[in-house]
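The values are calculated or read from the model by the stated rules, or taken from the named source; none is laboratory data. As the structure is a computational prediction, the values presented were derived from the model and not from experiment. So basically every Cβ, Gly included, is an ideal-geometry build from the backbone, and we count neighbours across all protein chains shown. Calculation scope for accessible area: heavy atoms of the full protein, side chains included, ligands and nucleic acids excluded. Shrake-Rupley method; radii C 1.70, N 1.55, O 1.52, S 1.80 Å.
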Amino acid sequence: MESLVIPLLILVAVAVAVALTARAWGRRRQATGPAKAPPESAELAKMAAAKLSEDEHRRLYALIAQGQAMAAIKLYYEASGQGLRASRDAVAALAAHPQPFRPPPQAATEADADDDTPQRFPYRYRAIASKGDVTREVSSNMLNDEIYGRIRTLAKSGNTEAAATALTRHSDITMKQAREFIALLDD
């Protein structure tokens, strides 16, 4: 019986050491930080959609709709530059939580700062000015409430040339027509 006591003590010591090691390892994994989002979460889908251009976004959802998961993963892999596993998870999240295309917010401000061409809107804006029996109308898809408000502010502050220049930039009228329109806004 005494010959079994030493191996039994060694076995108990090894079991305790394994249990303590497993417990320490589990605590270390919890302390390393929050776990990654589940592969099919809505947050992962939102982040994945933000990495795609409008054309890539449209093509990716077309592939998902056709059931071509491998082609969709390949497209996302090439478009995003992420790894294969991350691309697979992103496509799965995009399929489970469809995301609309949203252009990056800084891209619009950079385009406005770098490029002097006005933005075209999907609708036509009508600005009408009248004084007495004279009425002028400007209709353009490069105007909106904000731009027209700035033009009116310029005109009312007495800076009619700047207002006319801004109006010609944001519409298809001549400088003469813009001056006539701005003259009606002076009141």
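Quick notes on this structure:
- Residues of region 81-105 satisfying the condition of being over 16 Å from GLU43 (Cβ atoms) and assigned to a helix (DSSP H, G or I): LEU84, ARG85, SER87, ARG88, PRO105
- Unique match (being out of contact with any helix residue (DSSP H, G or I) (no Cβ under 7 Å at 6 or more places or on another chain) and among the hydrophobic types (A, V, I, L, M, F, W, C)) among LEU154, LEU167, LEU143: LEU143
- Test: residue in region 131-148 that is buried (at least 16 other Cβ atoms within 10 Å of the Cβ) and part of a helix (DSSP H, G or I): yes
- Selected residue (only one of GLN99, GLN82, GLN30, GLN68 is farther than 30 Å from SER140 by Cβ, modelled with pLDDT of 90 or more, out of contact with any Asp or Glu (no Cβ under 8 Å at 6 or more places or on another chain) and of a type in the set (S, T, N, Q)): GLN68
- Search result, residues across region 156-172 that are closer than 19 Å to SER130 by Cα, outside any helix (DSSP H, G or I) and open to solvent by less than 40 Å² (accessible area, probe 1.4 Å): SER171
- Single unsatisfied condition, PRO104 versus (1) at pLDDT 80 or above; (2) surrounded by 11 or more Cβ atoms within 10 Å (Cβ to Cβ); (3) over 20 Å from HIS170 (Cα atoms): (1)
- Those residues of region 174-187 which are open to solvent by 40 Å² or more (accessible area, probe 1.4 Å) and either in contact with a helix residue (DSSP H, G or I) (Cβ under 8 Å, 6 or more places away or on another chain) or in contact (Cβ under 8 Å) with a residue 40 or more places away in the chain (or both), in sequence order: THR174, MET175, GLN177, ARG179, GLU180, ALA183, ASP186, ASP187
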